[in-house]
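What follows is a set of notes on a single structure, which appears directly below.
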Amino acid sequence: MIVVDGLTKSYPATGGTGTIDALRGIDLRIDEGEVFGIVGPSGSGKSTLLRCLNLLERPTSGRILLRGEDLSHLSEGRLRGSRRRIGTVFQQFNLLHCRTVRANVEFPLEVAGVRRTERRDRAETLLELVGLTDKRDAFPSQLSGGQQQRVGVARALAAEPDVLLCDEATSALDPATTEQVLDLIATVNRTLGVTIVVVTHELSVVRRICTSAALLDGGRIVESGPVADLVADPVSRLGDALLPAGVGEQNGDVTALVTARGSAVATPWLSRLSRDVGVDVAVVGGRVDRVAGTDIGKLHVRFDGDVDRDAVDRFFAVLPDVTVAWTTGVVARVGA
Ligand SMILES: Nc1ncnc2c1ncn2[C@@H]1O[C@H](COP(=O)(O)OP(=O)(O)OP(=O)(O)O)[C@@H](O)[C@H]1O
Ligand SMILES: [Mg+2]
């Protein structure tokens, strides 16, 4: 759906010579229907990447393909048309304060030259989707932050985009309101099938709604993949930050990280492992949480005495939705 290929973006350094390399070669693939999170420390290039994706900025080099069409080298005229395929939700809402809620939602359609009755119908449908039908005639200053952001989401969806981009869309909101807006974004993804890219510095956002994520650092992607895979990967920085399971000092003990997804979280695999393979197992860390709508359990275990690793691998290989990764010595992954 979205393919980013060797993307770089440099800015002239302020007051001197040289450049600031905000993006240093980004390769990314975002599939249709995903909620894709882009996380990373301040200054890592998240907003720059998003501004390249929504065509507010031209890349220095590299390509951005949306459903196979190269957006990075379009003429200004073609660019305007393509911008309509991408909706953006901003941190500070960016609503027009002299316009009513409905007129804000209608605004992109007005710019696109859509007829009045059609604009009105579309705005009403979207206001219903975001739960603000009764606020249609209010002005932004009469709304709470969460309500204003729901208007922002409705407006971003007005032109029926293929992709919705959110840059720190919940960072100006309190925790309870954040959850409501995140649930709305997930609903939009589910009911309208819109692919969503969220840029955030909050891992809780990724945990709650993202199906895949990438970690950006110093203008480079250092990790990316399905959130559940990252969480199950014992050497993933992002996976450990999303769901820490205490993988730390091992003192030469034989240890492994066992990850279970969905209904497998509730299976009594630990006692079966001990019984079937004949090993003593101690739990040295672990956590169960809901990540991207699925229960994921991570258990860090230590094996005492002589352990037959092949037998342990065979035990886990036939358990659906449970994977084991040895965290002592060479890291091996088994199963899905
Ligand atoms: N218009 C600009 N001109 C010059 N330098 C810029 C410009 N925009 C961004 N930068 C620089 O590019 C780098 C990446 O900035 P960017 O805003 O993309 O980071 P970010 O990951 O969004 O950070 P934050 O989490 O603080 O929002 C920074 O070093 C920043 O100073
Ligand atoms: Mg930013």
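The values are calculated or read from the model by the stated rules, or taken from the named source; none is laboratory data. Because the structure is a prediction, the values reported are computed rather than measured. Quick reminder, even Gly has a Cβ in these numbers, built from the backbone with ideal geometry, and neighbours come from all protein chains shown. Note: accessible area is taken over every heavy atom of the protein model, side chains too, but ligands, DNA and RNA are not part of it. Shrake-Rupley method; radii C 1.70, N 1.55, O 1.52, S 1.80 Å.
Points worth noting:
- In region 145-168 there is no residue matching the filter, namely being on the phi < 0 side of the Ramachandran plot, part of a helix (DSSP H, G or I) and acidic (Asp, Glu).
- Of the set (1) over 30 Å from ASP310 (Cα atoms); (2) open to solvent by 40 Å² or more (accessible area, probe 1.4 Å), all apply to VAL235 but (1).
- Checked across region 64-74, the condition of being in contact with a Cys (Cβ under 9 Å, 6 or more places away or on another chain), assigned by TED's automatic domain parsing to the domain that holds VAL181, hydroxyl-bearing (Ser, Thr, Tyr) and surrounded by 14 or more Cβ atoms within 10 Å (Cβ to Cβ) holds for at least one residue.
- Unmet requirement for VAL151, which otherwise passes all of (1) closer than 28 Å to SER47 by Cα; (2) surrounded by fewer than 20 Cβ atoms within 10 Å (Cβ to Cβ): (2)
- Of residues in region 35-63 being away from ligand 2 (no atom under 16 Å from the Cβ) and of a type in the set (Gly, Ala, Ser), the one surrounded by the fewest Cβ atoms within 10 Å (Cβ to Cβ): SER61
- Counting only residues that are within 15 Å of ligand 2 (Cβ to nearest atom), open to solvent by 40 Å² or more (accessible area, probe 1.4 Å) and part of a strand (DSSP E or B), region 179-222 holds 1 of them.
- Positions within region 151-192 being within 16 Å of ligand 1 (Cβ to nearest atom) and touching a residue at least 40 places away in the same chain (Cβ under 8 Å), in sequence order: LEU165, CYS166, ASP167, GLU168, ALA169, SER171, ALA172
- Screening ARG119 on (1) in a helix (DSSP H, G or I); (2) buried (at least 16 other Cβ atoms within 10 Å of the Cβ); (3) touching a Ser or Thr at 6+ places or on another chain (Cβ under 9 Å) shows it passes everything except condition (3).
- Given (1) within 13 Å of ligand 1 (Cβ to nearest atom); (2) free of Cβ contacts under 8 Å to residues at least 40 places away in the same chain; (3) part of a loop (DSSP other than H, G, I, E, B), number of the condition SER44 does not satisfy: (2)
- Restricting attention to region 83-116, the residues being touching a residue at least 60 places away in the same chain (Cβ under 8 Å), closer than 16 Å to GLU160 by Cα and open to solvent by 50 Å² or more (accessible area, probe 1.4 Å) number 2.
- Residue within region 87-99 that is within 16 Å of ligand 1 (Cβ to nearest atom) and not in a loop (DSSP other than H, G, I, E, B) present: yes
- Some residue of region 265-279 being surrounded by 14 or more Cβ atoms within 10 Å (Cβ to Cβ) and either within 27 Å of the chain's Cα centre (by Cα) or in the same structural domain as THR187 (by TED's automatic domain parsing) (or both): yes
- Residues of region 8-31 satisfying the condition of being part of a loop (DSSP other than H, G, I, E, B) and hydrophobic (A, V, I, L, M, F, W, C): ALA13
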